[in-house]
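Beneath this line is the structure, given in structure tokens, with notes to follow.
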Amino acid sequence: MIILPNFHEVSYVNDEKARLAMLKLSPAERQEQVKNLLVRYPRFNTAYKEVFGLHKQGKDGAPITGEIVGFLGNSRAGKSWLLKTLLRDNKPYQLTPESSFTYPFAYVEVMDRWGAPDLATALYLATGASSVPYIGGKSLESKCVRRVASHGTVFVILDDAHYIFEAPPAKRKGMLSLIKALADSGACSILLAGLNVIEAGMLEHRQHFNRASFPAAHLAEHDTSMNEELDHYLEFLAGVSERLPFAEDSGLDRDEWIDEWKLAAGGSVGLTMNIVIDAARRAIAEDAPCIAGKHLKAACFMRKRIGETTYPFQMAA
């Protein structure tokens, strides 16, 4: 079963009490806040609603079952963070203190070169099993399908699902067979999340594709060459700044840093956070009042590739 991040969403803007409480935390605790920082920026909220809509339409709607659906985007676009947020918002629950847990969502991170037994084992653990039956592959897969149904799981999320279509043919066939069995059970829908190549993989397997014609939500980087998209990206940076655990606002969205962020991250929130997290750790270790240009410079220098003579924030002080 996945251990979810302890998401940090508190904004310290106009909340001096929260800021003072945060400043009493240890440096390690503040660094963890940065690592687990969550900003629900506009594009995140839109994609969240779209992914949830593949599970059910409306908060009180009936769960959609028997379908294979998608959530697609480039690496570090923010898909996994969004899915873990969705998972946290739909935690396992007990109807009564005596009853067993219901797992409405099951989340699995698919690994390279997995086969069906690996996927079945992961689904067992994702639905709260403390151990997995030591039985043959097909029997394990059949019991896995029954377990998903018996534990009230109506949305199976397979993250990094592009690995399914990159697997050797026999392993790919086995995993797709298990996915079809889950859909055929009528107990759940299966979300394939990962790189855009998943769509091409689904098109090559029409029996799976035709289940619902593979409706998919998308999450893309901000195109910072367009003013409106740049504004949305700067809004994200401002949201990050408001939540960083420092005595002062780091002002990551300041005008003199806009071109540097374009070079450093290209509008990707994931690549942006790679740099912010590194810079924040350095600033906290120095007991600095906020992230300064020198911290961003150091973070980008460490990411300079061999042969490159320039890098983002190189001139920042």
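The values are calculated or read from the model by the stated rules, or taken from the named source; none is laboratory data. This structure is a prediction, so every number in the text was calculated from the model and none was measured. Positions of Cβ are backbone-derived with ideal geometry, glycine not excepted, and every protein chain shown enters the neighbour counts. Heavy atoms of the whole protein, side chains included, go into the accessibility calculation; ligands, DNA and RNA do not. Shrake-Rupley method; radii C 1.70, N 1.55, O 1.52, S 1.80 Å.
Panel note: the C-alpha atoms of region 36-110, placed on their principal axes, show extents of 42, 30, 26 Å (largest first).
How large, in Å, is the chain by the Kirkwood hydrodynamic radius built from its alpha-carbon pairs?
21.4 Å
The count of lysine pairs in region 63-218 that are at least 8 places apart or cross chains, and whose C-alpha atoms lie under 28 Å apart, stands at 17. Note on exposure: VAL197, VAL108, VAL13, VAL154 ranked by accessible area (1.4 Å probe, complete protein assembly) read VAL197, VAL13, VAL154, VAL108, with the most exposed listed first. What is the percent carbon and sulfur in the accessible area of the chain, measuring with a 1.4 Å probe over the protein chains and ignoring ligands? Carbon and sulfur atoms account for 52 percent of the accessible area of the chain. Under a 5 Å amide H cut-off, with hydrogens placed 1.01 Å from N, ILE291 pairs with SER250 among residues at least 5 apart or on other chains. Computed from backbone phi with θ = phi - 60° and the Karplus coefficients 6.51, -1.76 and 1.60, the 3J(HN,Hα) list for region 224-234 is 6, 7, 9, 4, 5, 5, 4, 4, 5, 5, 5 Hz; x is used for glycine and proline. Counting only DSSP H runs of at least 4 residues, each contributing -39500 (n - 2.57), and dividing by the residue count of the chain, the helix-based mean residue ellipticity at 222 nm comes to -14000 deg cm²/dmol. Debye-formula intensities of region 124-166, expressed as log10 I(q)/I(0) at q = 0.32 Å⁻¹, are -1.10 (one equal scatterer per alpha-carbon, no solvent).
Normalising the Debye intensity of region 63-218 to I(0), with uniform scatterers on Cα atoms only, and taking log10 at q = 0.11 Å⁻¹ returns -0.39.
What's the longest uninterrupted piece of the chain once you rule out the trypsin sites (Lys or Arg not before Pro) that are loop residues per DSSP with at most 12 other Cβ within 10 Å? It runs 114-304.
Across the protein chains, with a 1.4 Å probe defining accessible surface, the residues ASP159, ASP60, ASP112, ASP118 rank ASP60, ASP112, ASP118, ASP159 from largest area downward. Of all lysines in the structure, the ones whose alpha carbon falls short of 27 Å from that of LYS24, not counting any fewer than 8 places away in one chain, are LYS35, LYS294.
Per residue, what accessible area does the chain have, given a 1.4 Å probe and all protein chains present, in Å²?
In whole numbers, the chain has 49 Å² accessible per residue.
Loop sites by DSSP among the GluC sites (Glu not before Pro) of the chain, restricted to those with at most 16 other Cβ atoms within 10 angstrom, leave 99-203 as the longest stretch without any of them.
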